[in-house]
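Let me begin by presenting the structure, written as structure tokens, before commenting on it.
What follows draws every value from the coordinates through simple rules; no lab data is involved. Source: prediction; values computed, not measured. Neighbour counts run over all protein chains shown; Cβ positions are idealised from the backbone, glycine included.
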Amino acid sequence: MTFFSLKLSIFIPMQQSFSFSQNAWRRLKKNKGAMVGLFIILLSVLIGIFAYFLGTDSTPNADREIVEIQARKPGYSQLFLRLKKEKQISTTGFFKRLLFGAEDKYLYVPINSYVENGDSVSVEKFIDEGIQEKEDFSKSALSPANCIESKTFWLGTDTFGRDILSRLLVGVRVSIAVGLITVLISLSIGIFLGAMAGFFGGKTDNIIMWFINVIWSMPTLLLVFGITLTLGKGFWQIFIAVGLTMWVSVARVVRGQVMALREMEYIQAAKALGLKDMRIILRHILPNVLGPVMVIAASNFASAIIIEAGLSFLGVGIQPPMPSWGLMIKENYNFIITHNPALALAPGVAIMILVLAFNLLGNGLRDALDVKG
């Protein structure tokens, strides 16, 4: 074989691979549902990143409690008097606020009206519907400027008087993070075990398939409960617990794909050339199974969001005051049958939209990559 023909033989597979990616992207762009799902996902990621700048409550975990205005309906507006806190609050930098929020420098006192009298401000404090109390405050104890502020709670306030919209925006981070880390864990375990079982076969395949069948036979929620109770309740524990239960489907698909690919001529040629097994798996087999894996990843992402919300609703997932959509439903679900169902419906609708977006994207990827079920 001449140098030119060798170079051409290497170039043609690369060209075919590149054109396959382009064709897949073209087919995906034609799928309106998939593009809508992709847009919602990208928008959710941006909202999660800048959540503390988008909401009216930029405190850590959007946990500003104002008990006087608890359980208010969407669109509720209220005047507030801003009082200086006794302790000095340092200024929070941009990146720290971006990641963790910023502690309030002031106390927010709900009022009905106010009158400025020289060095003092006379206000009518709002206690509850039809209940108010007059009180005078020295201007030295107030915010240097704009001590009176009006806030609108577009989605209302929860049972602790916290802004639902701000907590909903910060809660996007939890859902996206749970889905992302869960997918990474499930793909890492599933691809490794599936590739080992499919490529080597024999006893290796039997042992791995026995383990897969054992895990497959356990109810997902029961398995998650067991792992969560073992690791404890918390933010990182829920990631690991959900991730360790979703690798089975990945392993089964990868195993089937690898078993089919290992009999292909180019794999047999690689073995004849004396290439190591791991090099054949990593460089020649796994790149050809990424299509089905991407479809499963999108599906697992949606499933992880639902599982996390369910666990948080049951009290074994994300713990307060961290905002999780499932936890928000738990805190406000009693309002569904009373006067203010929107408090619990808002996070429920958010879960539905994000899960639908991932399912639409997964269906689009399946069609674009021509993955056969």
*Order the peptides 39-52, 61-74, 125-138 from the highest to the lowest mean number of other Cβ atoms within 10 Å of their residues.*
61-74, 39-52, 125-138
*Could you go through segment 322-333 in sequence order and give the Karplus-derived ³J(HN,Hα) for each residue, using 6.51 cos²θ - 1.76 cosθ + 1.60 with θ = phi - 60°, rounded to whole Hz, and x for Gly and Pro?*
4, x, 10, 4, x, 5, 5, 5, 4, 5, 10, 5
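Can you give the relative contact order of the chain as a percent, counting alpha carbon pairs under 8 Å and 6+ residues apart? Spell out each step's value before the answer.
On the way: 586 pairs, mean separation 79.3, N = 373.
Relative contact order for the chain comes out at 21 percent.
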*Compare the Cα positions of ALA71, GLY156, PHE100 along the charge dipole of segment 66-161 (+1 at Cβ of Lys, Arg; -1 at Cβ of Asp, Glu; about the Cα centre) and return the one farthest towards the positive end.*
PHE100
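Return a whole-number percent for the relative contact order of segment 66-161, with Cα pairs under 8 Å and 6 or more residues apart as the contact set. Could the numbers behind the result be given before it?
Values: 171 pairs, mean separation 43.9, N = 96.
Contact order relative to length: 46 percent.
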*Measuring from the lowest to the highest alpha carbon on each principal axis, how far does segment 66-161 reach, largest first, in angstroms?*
41, 35, 18
*For segment 54-69, take each phi angle, set θ = phi - 60°, evaluate the Karplus expression 6.51 cos²θ - 1.76 cosθ + 1.60, and give the result in whole Hz per residue in order, putting x for glycine and proline.*
8, x, 7, 10, 9, 6, x, 6, 6, 10, 7, 9, 10, 5, 5, 10
*When a footprinting reagent is the concern and you count Cβ atoms within 10 Å, what order do LEU360, LEU223 take, fewest first?*
LEU223, LEU360
*asked:* If packing is taken as the average count of other Cβ atoms within 10 Å, what order do 105-111, 246-252, 185-191 fall into, highest mean first?
replied: 246-252, 185-191, 105-111
_Once the convex hull of the alpha carbons of the chain is built, what does its volume come to per residue, in cubic angstrom?_
191
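With charges set only on the Cβ (+1 for Lys and Arg, -1 for Asp and Glu), what does the dipole of segment 66-161 come to about its Cα centre, in debye to the nearest 20? Don't skip to the end; give the middle numbers.
Details: 13 positive and 14 negative charges, 106 e Å.
Value, rounded to 20: 500 debye.
How large is the charge dipole for the chain, taken about the Cα centre, if only the Cβ atoms of Lys, Arg (+1) and Asp, Glu (-1) carry charge, to the nearest 20 debye? Walk me through the numbers before you get to the answer.
Details: 35 positive and 26 negative charges, 378 e Å.
Once rounded to the nearest 20, the dipole reads 1820 debye.
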*In whole Hz, with x marking every Gly and Pro, tabulate ³J(HN,Hα) for segment 158-163 from phi via Karplus 6.51 cos²θ - 1.76 cosθ + 1.60, θ = phi - 60°.*
8, 5, 9, x, 9, 6
*Could you work out how far the C-alpha centroid of segment 307-373 sits from that of segment 147-220, in angstrom?*
12
